[in-house]
1. Name the single residue that is surrounded by the fewest Cβ atoms within 10 Å (Cβ to Cβ) among those in the stretch 125-137 being of a type outside the set (Gly, Ala, Ser) and farther than 21 Å from residue 157 by Cβ.
2. Restricting to the stretch 245-265, give me the number of residues that are of a type in the set (D, E, K, R) and open to solvent by less than 10 Å² (accessible area, probe 1.4 Å).
3. Out of 391, 380, 399, 404, report the one residue that is under 19 Å from the mean Cα position of the chain (by Cα) and not β-branched (Val, Ile, Thr).
4. Go through (1) without any contact (Cβ under 8 Å) to a residue 60 or more places away in the chain; (2) within 17 Å of residue 392 (Cα to Cα) one by one and return the number of the condition residue 309 breaks.
5. Could you grab me the full set of residues in the stretch 217-269 that are aromatic (Phe, Trp, Tyr), part of a helix (DSSP H, G or I) and under 25 Å from residue 400 (Cβ atoms)?
6. Can you pull out the residues in the stretch 152-198 that are open to solvent by 40 Å² or more (accessible area, probe 1.4 Å) and either aromatic (Phe, Trp, Tyr) or more than 20 Å from residue 118 (Cα to Cα) (or both)?
7. If residue 410 satisfies every condition in (1) out of contact with any Cys (no Cβ under 6 Å at 6 or more places or on another chain); (2) closer than 30 Å to residue 278 by Cβ but one, which is the exception?
8. Take the residues in the stretch 376-413 that are assigned to a loop (DSSP other than H, G, I, E, B) and open to solvent by 70 Å² or more (accessible area, probe 1.4 Å); name whichever of them is modelled with the highest pLDDT.
Amino acid sequence: MQQSLAHGLASPCTCPVRDVSRTVLRARILPVSRNRSMACQQASHSTAATASTVEAAPPAASEAGAARAQVDVDLGDRSYPIYIGSDLLQEPHLLQQHVRGKRVLIVTNETIAPLYLDRCKDIMTQGGTQQVDAVVLPDGEQHKNMDVISAVWDAALKLRLDRKCIFVALGGGVIGDMTGFAAAAYQRGVSFLQIPTTVMAQVDSSVGGKTGVNHPLGKNMIGAFHQPDAVVIDISTLETLPDRELASGLSEVVKYGLIRDAAFFEWLEENMPRLMARDQEAFTYAIERSCINKAEVVAADEREGGVRATLNLGHTFGHAIENVAGYGNWLHGEAVAAGTVMAADLSLRLGWIDQDLFDRTLRILKAANLPVAPPEGMTKEQFMTAMAVDKKAENGTIKFILLKGPLGGCVVTGDFDPAALDATLSAFCSS
């Protein structure tokens, strides 16, 4: 199965939530072909989670693509809203209501700054008295490190920002992770807002409070849990997103369907062409559904002591790919897509899923123009070395999120036949 960086499809997912009144305020759930309860099963070293699907009437024609959704992440007194809609960066009140002090520091990168920095500054200052400053970092995963993040702290200190200031992350997942970590560490913790501008950040990394930077020996190994005060998802920003970045984010969307939301996966199978064509209504729904799934999991397990680990489907293999290929050479979602196929292959070899589910996983990721195998030349030894320092490893045991049972089921486990892992690596690696 060894292949070069061939691009293919992505897959659909549905969003199961237990208590819609607590987790979702105005969530539109489109009808799907099949609704059923799904359980994220658990192996001996993990925690089980169950989820039920939500049904609601489709939006009226006049609402299509225009209605704003709000999803709440329920964390008690640290709960926060996720706003989803078009042209939200033209609504000053949406951001200003979350700014309690007078000082704002926007953190962005060289790609996003020319597109949205002035607009963000304008809405942060309209009708208010806030002083807004900005730090522009270099763009790319290769810059997600301690040396670069120090520029944020340097700026904050030179500007004499106090504990009532707020940091604003304007950009993709790298900017969000770095800004959140900078906020967590500055004066032992200040507030921050997320304004994600990529699919990857909008459906995954901006929600849940995971922040940090990479280390030469491992991805996201230096960081902290630090929840934002709000997440503002303006889907209009996707109009400037390159095709490769768009596809990369869809790998995380497909993930939700595979691990817990079978109906959403089926919707994705039918609607992937609309997503690839950047259909705004389809994207609004896919982002909203993904956020509902993520909010549900984070509310149940904020610090990844159990069910939240299931969100790392494909990441054990994927992080190894990123580490060996060099951060930035493969986008995170590309590595996760290839890692998801490898996880599905291992699940199939263990007898935990059938051939049909493996084939559907492969098809949907190919449809999303995503790679379905690691880089040519990557070896089994490189995988094993990189996976040994993965954050999920415990007492020297590598842990995987694997598919198990029908669509929508998964396990977190280190208890599997090593011969099956060796067979999977042999099928995808050159040696």
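The values are calculated or read from the model by the stated rules, or taken from the named source; none is laboratory data. Only a predicted model underlies this, so the values are computations on that prediction, with no experimental measurement involved. Every residue, glycine as well, gets a Cβ built from its backbone with ideal geometry; the counts of neighbours run over all protein chains shown. Heads up: the accessible areas ignore ligands, DNA and RNA and are worked out on the full protein's heavy atoms, side chains in. Shrake-Rupley method; radii C 1.70, N 1.55, O 1.52, S 1.80 Å.
1. 129
2. Of the residues in the stretch 245-265, 3 are of a type in the set (D, E, K, R) and open to solvent by less than 10 Å² (accessible area, probe 1.4 Å).
3. 391
4. The one condition residue 309 does not meet is (1).
5. Selection gives 256, 264, 265.
6. 153, 154, 157, 158, 160, 162, 163, 164, 185, 187, 188
7. (1)
8. In this case the residue turns out to be 406.
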